[in-house]
Amino acid sequence: MVVGSGRGAAFILLAAGAASNLTPALARAQVAPTVPPATDPGGLDPSAPLDPMTDIGVAWPDMNAPDAVADPTDPAARPVTAGATDDLATLRRYSVALSGMDSVEEANALRDKFDEQSALVEGEGKPVNAAQIDRRARADSELLAELLRADGYYDAEVEPQIDTAGGSVAVTLAATPGERYRFAGVELPGLDGAASDRDDLRAAFAVKAGDPVVAEKVIAAGIALQVELGQRGFATANIGEQDIVIDHEAREARLVLPVTPGPVAKFGSISVSGRPPFSARHVGNIARFKRGDRFDQADVDDLRRALVATGLVSSVEVRQVPIDAGRTIDLAVKLEPAPMRTIAGELGYGTGEGIRAEASWQHRNFFNPEGALTLRAVAGTQEQLASATVRRNNFGRRDRAIYAVASASHIDRDAYEAKTLSLAAGLERQSNFIFQKRWTWSIGAELVASDERDTIVATAEERRRTFFIGALPASLTYDGSDNLLDPTRGFRLGGRLSPELSLQGGASGYAKAQVDASAYQPVSDRLVIAGRVRVGQILGAGRDDIAPSRRFYAGGGGSVRGYGYQALGPRDADNNPIGGKSLAEFAVEGRFRLGNFGIVPFFDGGTLSSKAKPDFKGWQFGAGVGARYYSSFGPIRIDVGTPFNRQPGDSRIAVTVSLGQAF
């Protein structure tokens, strides 16, 4: 309730309200005619004179009197200026200015609010007639006055002025803000019931005595207090209706906001209804709280978002059920299902890779709960693949997944040809678009049988060998960037280690390690400088003892742009890449964005060696420019580069088309 008053205006408002309620009854009493008792029971006397009319308190107009002349001092009875309506039909452009705002605190913010809502500002520079200008000026005067009052200037007045001198129209809204009202007192009765949390809760309500009477800040403080109560365990807390009494004579206000904290609550049990048929145990695994933990509304909101993030739920209703006088809060979760099946497709092209088309079908709850089955196929000029993946998300706890993959593939590159059967399984913690994680990791196991063709470097003869490989890959990544697909600041650092045992005419053991780092720094609102570094090594075996498909390669859209896919590094007598045991790469690019489009000049470099350590003397460089289209699901990129150290067989131009930034 807000009472605008002088020292005694609260009584005046109440009295006025009472008078208005009584007026209809008084009026009815005045106009009800008094009927004399009948003396002739047989009927009325038609010759009897009429009774005089009752005085209803309104004077009859004198039809012979001259027309009334409007009072020129009444602003409502005249246009804003005489000149503003001299020619109503002429279309004119006008300018808008505000005056008298120098004494207003935070004037720039108030001007921004005015500009967002102003009819004058919206139509500035467009031809309109005088009546439109006059109407907009009056409406915007009211708007500016309301904004000033909402900002604590309760005595504010705004007068529109229109100057048509010289044929131009200048509209000025002349403001007289007056003194800014401030709170003489702010009381939160009942907050003492929060005991040790009282001071922190009071601090959450940021309005205090001496602050200006700003409506937005009072509303924001009330919301902040409600949030803080929920986060501190007061699940049944209630905030009453605020009472603000404004004293116009003293130019101050008093705020009273009653608070009933209630008891500090703990989480109780979880019940689940609706579809998909998640169990209460599975929902409990997703929650970041356990039964008996102190209630926190933020944890309830987080659970709701996490359930939607599964992709199996379209909406979630979480109803809080207080028990034990509000000391325990049970959660009743009701789920509404989302579509559980997805068909996806992807089409890409890369120099050295050729055309590549991919299609997949997925049922995200083939095994309840969250057991997804994905069937995937790749058809390309150099790659064909079929695979089936079973994956269970939120396995045992939040954000953890277990998976198993079976695949059959055929790859025919310049470097090698491989026909491969693979079985892999693992446990991982991965990031997603809704909950981007700082730390992610994976551990797994892999069994591979691969029939591969490559070239004997010494004799240039082709050979075909069959490899049986067992691997235990593991990875750990820190992501300090601000976006998964389009980072603009921060950095990423990740490492991967895979101990492997290869059986081919004997046993050969080795370890494959790789470290990737990238950083992103905004220079302006439109330009981001990004860079990355990659270093890799294979230790414990010679290059020929390692299957061609397990070696390091460099070149292409995800490596050194300007070169074809896997085209960097040493080659055999037929000029085909042979891969290596170590590599080092870097890339630097400037991401310049204009609306939904972007231009990205880049400079990349890399070196690939058959030795265990990278050859930092054998750098090969490439440069070029890319185009980006920033869609709702991530940037689509086209990179066109050229090699600086072109070898025989290398194209002068290499093109990459894909989704997402290069790194």
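The values are calculated or read from the model by the stated rules, or taken from the named source; none is laboratory data. Since the structure is predicted, the reported quantities are computational estimates derived from the model, not experimental observations. Because the Cβ atoms are built from the backbone with ideal geometry, glycine has one as well, and the counts that use them run over all protein chains shown.
Would you pick out the residues in the stretch 399-432 that are part of a loop (DSSP other than H, G, I, E, B) and surrounded by fewer than 17 Cβ atoms within 10 Å (Cβ to Cβ)? Show your work before the answer.
First, the residues of the stretch 399-432 that are part of a loop (DSSP other than H, G, I, E, B): 399, 413-416, 430-432.
The answer is Gln430, Ser431, Asn432.
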Tabulated pairs, the stretch 493-521, first in the same structural domain as Ile443 (by TED's automatic domain parsing), second of a type in the set (Lys, Arg) and exposed (fewer than 15 other Cβ atoms within 10 Å of the Cβ), C-beta under 7 angstrom, 6+ apart or interchain: Gln504/Arg465; Tyr520/Arg489; Gln521/Arg489
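Would the stretch 168-178 turn up any residue that is over 30 Å from Arg294 (Cα atoms), part of a strand (DSSP E or B) and free of Cβ contacts under 8 Å to residues at least 40 places away in the same chain? Before the answer, list the steps.
Filtering the stretch 168-178 down to residues over 30 Å from Arg294 (Cα atoms) leaves 168-178.
Narrowing further to those that are part of a strand (DSSP E or B): 169-176.
If we keep only those that are free of Cβ contacts under 8 Å to residues at least 40 places away in the same chain as well, we get none.
Within the stretch 168-178, not a single residue is over 30 Å from Arg294 (Cα atoms), part of a strand (DSSP E or B) and free of Cβ contacts under 8 Å to residues at least 40 places away in the same chain.
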Single condition Ala573 does not satisfy, out of (1) more than 30 Å from Ala511 (Cα to Cα); (2) small (Gly, Ala, Ser); (3) surrounded by fewer than 14 Cβ atoms within 10 Å (Cβ to Cβ): (1)
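Residue by residue through the stretch 632-650, note down the ones that are among the small types (Gly, Ala, Ser), under 16 Å from Gln566 (Cα atoms) and either outside the structural domain of Ala357 (by TED's automatic domain parsing) or in contact with a strand residue (DSSP E or B) (Cβ under 8 Å, 6 or more places away or on another chain) (or both).
Step one: filter the stretch 632-650 for residues among the small types (Gly, Ala, Ser), giving 632, 634, 641, 649.
This time we only want the ones that are under 16 Å from Gln566 (Cα atoms), so: 641, 649.
Passing the criteria: only Gly641.
Which residue out of Arg628, Arg591 is assigned to a strand (DSSP E or B), of a type in the set (D, E, K, R), assigned by TED's automatic domain parsing to the domain that holds Ala418 and in contact with a Pro (Cβ under 8 Å, 6 or more places away or on another chain)? Can you show your working first?
Working: Arg591 fails: in contact with a Pro (Cβ under 8 Å, 6 or more places away or on another chain).
That would be Arg628, the only listed residue that is assigned to a strand (DSSP E or B), of a type in the set (D, E, K, R), assigned by TED's automatic domain parsing to the domain that holds Ala418 and in contact with a Pro (Cβ under 8 Å, 6 or more places away or on another chain).
Please go through the stretch 561-576 and pick out each residue that is of a type in the set (D, E, K, R) and in a loop (DSSP other than H, G, I, E, B).
Residues of the stretch 561-576 that are of a type in the set (D, E, K, R), as a first pass: 561, 571-572, 574.
Selection gives Arg561, Asp572, Asp574.
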Matching residues, the stretch 571-592, being under 17 Å from Pro487 (Cβ atoms) and among the small types (Gly, Ala, Ser): Ala587, Gly590
Residue under evaluation Arg652, criteria (1) within 21 Å of Ile529 (Cα to Cα); (2) of a type outside the set (Ser, Thr, Tyr); (3) surrounded by fewer than 18 Cβ atoms within 10 Å (Cβ to Cβ), criterion not met: (1)
Residue within the stretch 256-278 that is at negative phi, outside any strand (DSSP E or B) and hydroxyl-bearing (Ser, Thr, Tyr) present: no
Qualifying residue in the stretch 475-485 (condition: modelled with pLDDT under 95, hydrophobic (A, V, I, L, M, F, W, C), assigned by TED's automatic domain parsing to the domain that holds Glu585 and under 44 Å from the mean Cα position of the chain (by Cα)): yes
Meets criteria (touching a residue at least 12 places away in the same chain (Cβ under 8 Å), in contact with a strand residue (DSSP E or B) (Cβ under 8 Å, 6 or more places away or on another chain), crowded, with 16+ Cβ neighbours inside 10 Å and in a helix (DSSP H, G or I)) for Ile162: no
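Being of a type in the set (D, E, K, R), under 25 Å from Val218 (Cα atoms) and at pLDDT 90 or above, is that true of even one residue in the stretch 114-121?
Going residue by residue through the stretch 114-121, those that are of a type in the set (D, E, K, R) are 115-116.
Filter once more, keeping what is under 25 Å from Val218 (Cα atoms): 115-116.
Subsequent filtering for residues that are at pLDDT 90 or above retains 115-116.
Checked against the condition, which is being of a type in the set (D, E, K, R), under 25 Å from Val218 (Cα atoms) and at pLDDT 90 or above, the stretch 114-121 yields at least one hit.
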Selection from the stretch 234-250 of residues that are part of a strand (DSSP E or B) and among the acidic types (Asp, Glu): Asp243, Asp247
Test for Ile411: is it among the hydrophobic types (A, V, I, L, M, F, W, C) and either within 26 Å of Lys290 (Cβ to Cβ) or in contact with a Phe, Trp or Tyr (Cβ under 8 Å, 6 or more places away or on another chain) (or both): no
Cβ pairs under 8 Å, 6+ apart, first in the stretch 398-423 and over 23 Å from Ser442 (Cα atoms), second surrounded by fewer than 17 Cβ atoms within 10 Å (Cβ to Cβ) and basic (Lys, Arg): Tyr416/Arg453; Glu417/Arg453; Ala418/Arg453
Within the stretch 433-460, considering residues that are among the hydrophobic types (A, V, I, L, M, F, W, C) and touching a strand residue (DSSP E or B) at 6+ places or on another chain (Cβ under 7 Å), the one surrounded by the fewest Cβ atoms within 10 Å (Cβ to Cβ): Trp439
Filter result (of a type outside the set (Val, Ile, Thr) and either within 29 Å of the chain's Cα centre (by Cα) or surrounded by fewer than 19 Cβ atoms within 10 Å (Cβ to Cβ) (or both)) within the stretch 577-601: Phe586, Glu589, Gly590, Arg591, Phe592, Arg593, Leu594, Gly595, Asn596, Phe597, Gly598, Pro601
Residue within the stretch 596-616 that is more than 21 Å from Thr488 (Cα to Cα), hydrophobic (A, V, I, L, M, F, W, C) and assigned to a loop (DSSP other than H, G, I, E, B) present: yes
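Quick check on Ala513: is it out of contact with any strand residue (DSSP E or B) (no Cβ under 6 Å at 6 or more places or on another chain) and surrounded by fewer than 17 Cβ atoms within 10 Å (Cβ to Cβ)?
Numbers: out of contact with any strand residue (DSSP E or B) (no Cβ under 6 Å at 6 or more places or on another chain): no; surrounded by fewer than 17 Cβ atoms within 10 Å (Cβ to Cβ): yes.
Spelling it out, it is not the case that Ala513 is out of contact with any strand residue (DSSP E or B) (no Cβ under 6 Å at 6 or more places or on another chain) and surrounded by fewer than 17 Cβ atoms within 10 Å (Cβ to Cβ).
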Some residue of the stretch 141-154 being among the acidic types (Asp, Glu), without any contact (Cβ under 8 Å) to a residue 60 or more places away in the chain and loosely packed, with under 15 Cβ neighbours inside 10 Å: yes
Of all residues in the stretch 91-134 being in a strand (DSSP E or B) and not β-branched (Val, Ile, Thr), the one that is farthest from Arg149 (Cα to Cα): Arg92
From Ser196, Ser279, residue being of a type in the set (S, T, N, Q), outside the structural domain of Ala332 (by TED's automatic domain parsing), loosely packed, with under 15 Cβ neighbours inside 10 Å and at pLDDT below 95: Ser196
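What number of residues within the stretch 490-510 are closer than 21 Å to Arg438 by Cα and either loosely packed, with under 14 Cβ neighbours inside 10 Å or of a type in the set (S, T, N, Q) (or both)?
Of the residues in the stretch 490-510, the ones closer than 21 Å to Arg438 by Cα are 490-497.
When the remaining residues are screened for being either loosely packed, with under 14 Cβ neighbours inside 10 Å or of a type in the set (S, T, N, Q) (or both), the result is none.
Residues that pass the stated criteria total 0.
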Pairs with Cβ under 6 Å, 6+ apart, first in the stretch 192-216 and within 14 Å of Glu252 (Cβ to Cβ), second among the aliphatic types (A, V, I, L, M) and surrounded by 13 or more Cβ atoms within 10 Å (Cβ to Cβ): Val207/Val186; Val207/Val218; Val207/Ala221; Lys208/Val186; Ala209/Val186; Val213/Ala253
One residue from Gly233, Gly222, Gly284 being surrounded by 14 or more Cβ atoms within 10 Å (Cβ to Cβ), in contact with a strand residue (DSSP E or B) (Cβ under 6 Å, 6 or more places away or on another chain), under 25 Å from Ile329 (Cβ atoms) and not assigned by TED's automatic domain parsing to the domain that holds Glu317: Gly233
